[in-house]
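Please treat every number below as a calculation from the coordinates, not as lab data. Note that this is a predicted model, so its numbers are computed, not measured. Note: ideal-geometry Cβ built from the backbone for every residue, glycine included; neighbour counts use all protein chains shown.
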Amino acid sequence: MKHSVVPEGHLVYAVGDIHGRADLLTLLLDQIKADAAASVDAKKKAIVFVGDYIDRGPASRRVVDLLLNDLPTGFDARFLKGNHEDMMLKFLEDPSSLGHWLNNGGAATLESYGVEEYTSYYNAARTHLGLQKDAPHRRPIERRGRIVTSNVLGGLHHQYCRI
């Protein structure tokens, strides 16, 4: 099996499974900035977010805000869609999939967007989440991508992997 190699002078960080933990994402981004600053020979820096930004944790909306507006300067960012983003998008297209999303942490995401009444999630989500087809919060959630080397994905829960 042939493995991909990051070119010399490039730094690539992979981040996965944030799950609504803006507090941990903030700490992690600070660690990435510090690590990159210590690598003065880096010509290009990138962060690849491998999905699962939302659900379970209390601050999914803040996570998406951070991904949209507060990433470290000087880094290219790539966003991949995880299964939790996929469940939310399926729910927005088909309200009958609500139960599946809620069973996987979707209630925490809805609450982070100010949806507190659980009787009409579908209408509330379309109104409060700001996730209409052209809304900025959908950009990092809908992106698709491909990770070539599977070992990059191992053990990335709230950690970064410099490759």
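For this structure, a couple of remarks:
- When each of LYS2/LYS45; LYS2/LYS44; LYS44/LYS81; LYS45/LYS90 is checked by Cα-Cα distance, pairs over 31 Å: LYS45/LYS90
- Residues listed by number, the stretch 40-55, amide nitrogen under 18 Å from ASP65 label point at 7 Å toward C-beta: 53-55
- Per-pair calculated FRET efficiency, R0 = 35 Å: HIS3 and ALA37 via Cβ, rounded to 0.05: 0.80
- If you sort the three axes of the alpha carbon gyration tensor as a ≥ b ≥ c, you get a/c of 1.5 or more for the stretch 4-115 and a/b above b/c, which makes it prolate.
- 5 angstrom amide H check on LYS45, placed H, neighbours 5+ away: LEU11, ASP76
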